[in-house]
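One structure below.
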Amino acid sequence: MKKNWLSPLAFIFALLLLLAACGGDDGNADDGGEEAGDPGTDPEMIQIATGGTSGTYYPLGGEMATIISSNTDVTADAISSNASAENVLSIENGDVEIAFVQTDVVAHAEEGINAFDEPVENVQAMGSLYPETVQIVTTEGSGIESVEDLAGKTVSVGAPGSGTFINAEQILEVHDMTIDDIDAQNLDFGESTGGIQDGNIDAAFITSGTPTGAVEGLAASVDVAIVPIAQDKIEELTEAYPYYAADTIEEGTYSLSEDVETVAVLAALAVNSSLSEDLVYEMTKAIYENAEGMAHDKASFITLDTALDGIDIEVHPGAQRYFDEEGIE
């Protein structure tokens, strides 16, 4: 019987083609990798940039890190920082995944103005949190009763480019003043209140949720006064910079004897756009559905009703999916 010698050759040829095809698939996978935003690109541990340890961001960030770690598949850690402007750049550089920001500062980042030499491209919003009140802190008997009285005084204005620094510039601007009209000191909140207590500085701009820990600490040793902003100047400021809103520091806060009229911006969370939609969805859901259990006074402001207030940049698709499910516009 004649053997069919073509069959073994055909089999070997087919096997070689199959192996070559498999090798080609591996090469394509190495070239492309996984796209940004795919679940496979998410880190197992994320960092949340907050602010100084004596402000509001830091303790709230710690509580949020616990909530995220308990309700998602990632472990979160809150770290201290120089707040808004630095936080935005930390996200852009990939140093952190989530950060506390002021809505005005992150809007500046997207435009590439003030503290930002060029627009940032990989920072998206996760949601608004609470009003951040601009507090011009001094002491009873300092002689500083109006913004104009700051002229010639030693005043802390926060780090250059920080949200607080920009707030100070803009508030001075509507009072026909500049940073050059004061002896400006670039101090954090704790250093500012410590300087007031020691008599080294006369006043400090502090943009933070009230009550602010550093100011409460100061109020425990001296009689604190908050410099009011006149109504016409509030209107001028909010017209020039729409991300501001009128705000009131209520009587009793820091043992104040009466309400003090001022302005506020909004605190928000920003996130790196490379994180997957599923992860950001889960983190957003965890924060807003567990805010009632947070101990900080400002947690009561963290609600779905105001989650998109003041947001002037693109919302991450994961956060947007959660808000859409909840009917938030």
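The values are calculated or read from the model by the stated rules, or taken from the named source; none is laboratory data. All of these numbers come straight from a predicted model, not from anything done at the bench. All Cβ positions, even for glycine, are placed from backbone atoms using ideal geometry, and neighbour counts span all protein chains on display. Accessible surface is based on the protein model in full, side chains and every heavy atom, while ligands, DNA and RNA are left aside. Shrake-Rupley method; radii C 1.70, N 1.55, O 1.52, S 1.80 Å.
Annotations
- By the rule of a C-alpha distance below 16 Å, with chain neighbours fewer than 8 residues away ignored, the aspartates and glutamates paired with Lys233 are Glu145, Glu148, Asp149, Glu169, Glu173, Asp176, Asp247, Glu261.
- Residue-span extension gain [Asp324 to Glu250] - 0.36 nm each, minus C-alpha spacing: 23.2 nm
- Percent of C-alpha pairs per 10 Å bin, the range 52-129, short to long: 18, 50, 28, 4
- Taken one residue at a time, the phi angles of the range 104-115 give Karplus couplings (6.51, -1.76, 1.60, θ = phi - 60°) of 5, 5, 5, 5, 4, 4, 5, 7, x, 10, 6, 6 Hz. Gly and Pro are set to x.
- Ranked order, Glu239, Glu282 - accessible area, probe 1.4 Å, largest first: Glu239, Glu282
- A run of the chain free of exposed loop cleavage sites, with trypsin sites (Lys or Arg not before Pro) counted only in DSSP states other than H, G, I, E and B and at most 15 other beta carbons within 10 Å, reaches its longest extent at 4-329.
- Once C-alpha pairs closer than 8 Å and six or more residues apart are averaged by separation and normalised to the residue number of the range 148-200, the relative contact order reads 46 percent.
- Rounded percent of accessible protein surface that carbon and sulfur make up, the range 158-304, 1.4 Å probe: 42 percent
- At a probe radius of 1.4 angstrom, the accessible area of the chain per residue rounds to 48 square angstrom.
- The range 159-276: proportion of alpha-carbon pairs further apart than 26 angstrom, %: 23 percent
- Pairwise Cα distances in the chain exceed 35 Å for 30 percent of all pairs.
- Computed Kirkwood radius, in angstrom, where 1/r is averaged over Cα pairs of the range 249-319: 14.5 Å
- For the pair Ala230 and Met45, label points projected 7 Å from Cα toward Cβ lie 5.4 nm apart.
- Per residue, the average separation of C-alpha pairs within less than 8 Å and at least 6 apart gives the chain a relative contact order of 23 percent.
- Gain on full stretching of the segment that runs from Glu140 to Glu292 - 0.36 nm per residue minus C-alpha separation: 51.2 nm
- Residue with peak Gaussian network fluctuation, the chain [Cα springs, cutoff 10 Å], from Gly217, Gly252, Gly163: Gly252
- Counting Cα-Cα pairs of the range 95-167 in 5 Å increments starting at 0 gives whole-percent bin shares of 3, 12, 19, 20, 16, 10, 9, 7, 3, 0.
- Length added when fully stretched, Val222-Asp259, from 0.36 nm per residue minus Cα-Cα: 11.5 nm
- The label point for Asp77 and the one for Leu304, both projected 7 Å from the Cα toward the Cβ, are 3.3 nm apart.
- Residues considered: Val174, Val215, Val101. Largest GNM mean-square fluctuation over the chain, using C-alpha springs under 10 Å, is found at Val174.
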